[in-house]
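Reading through the C-alpha cells given below for one structure.
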Amino acid sequence: MNKVQLIQALDSYARRCDDEEEEFVSAMHTFVTTKNDPFSRQTAAGHITASAWILDTNRTHALLCHHRKLDMWVQLGGHLEPSLDDSVHAGALREAYEESGLGAIKALLPDIFDIDIHAIPAHGDKAEHLHYDVRYLFAARSANAVQLTPESKELAWVRLDEIHKVSTENSLLRMAKKATQFLRKSTH
C-alpha cells in the first residue's frame, strides 16, 4: 500500500466532500502523513480501514452487515492486508467479497465515496483504537445469495430510504443520502 496514493486520493476527495467530512479529511491526512505505517493494525492509536458501500443493481438497496462484536448494522469492510491489497480500494473490494460471498461486485466509482473516523471499543486484549475508514461505492446483484461469516450475525439488503429503521448511526445515514444523490446525478 502506498501512503502517497492515499494522500492524493484524500486531497481529491477534500475538494468535493461535505462540511461534516472536512474534519475527517484533515484528521486522516494528518494521521497518514505522521504515522510510519498507518495501514498496520499494530499502529496502537488506530489504522486505515477499507469499506464497501454496496448497492443492488436496481440502486434501491444497500447491503448491510449486523456486526457480531459491535452488535450494530454497518457496511461491509475491515482491515487492510498489505500482502493482498495493493490499494485501499482493493482492500475494500476484497473485504466485500470475503464478508458477503457475492460472486460479482462492480465498482460504481473509482474514487473515495465517503470517509469516517470512529472509535472501536476495547475487546479482549485489544485496546480501544480508531478506525480511519475509507469507503468506496460498489454494486452487486441482490438476487445472488450472500453468505454469513463468523463476523456477522446477519446480512441484509436494506432500502436506502429505510436505513434509518435499522441504524441511527450518522455514518450510515450519510452514505445512504450520498448514494441517493449520486444516483440522481448519474441518471441525468
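Quick notes on this structure:
- Coupling constants for the stretch 16-32 follow from the phi torsions by the Karplus curve (6.51 cos²θ - 1.76 cosθ + 1.60, θ = phi - 60°), and in residue order they are 10, 7, 7, 4, 4, 7, 3, 4, 5, 4, 4, 5, 5, 4, 4, 4, 5 Hz; glycine and proline get x.
- In the chain, the DSSP-assigned H stretches of four residues or longer account for a calculated mean residue ellipticity at 222 nm of -10000 deg cm²/dmol, using -39500 (n - 2.57) per stretch and the full residue count as denominator.
- 3J(HN,Hα) along the stretch 37-50: 9, x, 8, 7, 5, 6, 6, 4, 5, x, 7, 6, 10, 10 Hz, from the Karplus curve 6.51 cos²θ - 1.76 cosθ + 1.60 with θ = phi - 60°, whole Hz, x for Gly and Pro.
- Among Ile7, Ile48, sorting on how many other beta-carbon atoms sit within 10 Å of each Cβ, with the fewest leading, yields Ile7, Ile48.
- The modelled label-to-label distance for the pair Asp86/Leu148, using points 7 Å beyond Cα in the direction of Cβ, is 3.6 nm.
- By DSSP, the beta bridges lying fully in the stretch 3-186 are antiparallel in about 70 percent of cases.
- Fewest-first ranking of Leu102, Leu137, using other Cβ atoms within 10 Å as the exposure measure: Leu102, Leu137
- In this label model, Asp111 and Lys185 are separated by 0.7 nm, measuring between points 7 Å along each Cα→Cβ vector.
- Remark: the chain carries a charge dipole of roughly 520 debye about the Cα centre, counting +1 on each Lys and Arg Cβ and -1 on each Asp and Glu Cβ.
- Computed extension length for Val166-Asp11: 52.5 nm, one decimal, from 0.36 nm per residue of separation with the Cα-Cα distance subtracted.
- Long-range Cα-Cα pairs in the stretch 1-149 (distance over 29 Å), rounded percent: 14
- Under 15 Å between alpha carbons - lysine pairs in the chain that sit 8 or more apart or on different chains: 5
- In this structure, the amide hydrogen of Leu80, modeled 1.01 Å from its nitrogen in the peptide plane, lies closer than 5 angstrom to those of Ala50, counting only residues at least 5 positions away or on a different chain.
- A full extension of the chain between Glu128 and Ala156 corresponds to an added length of 7.3 nm, given 0.36 nm per residue minus the alpha carbon distance.
Any read-out appearing in this document is the output of simple, stated calculations on the displayed coordinates, not a laboratory observation. The shown structure was predicted, so the numbers you read here are calculated from the model rather than taken from an experiment. Glycine gets a Cβ as well: all are built from the backbone with ideal geometry, and neighbour counts include every protein chain shown.
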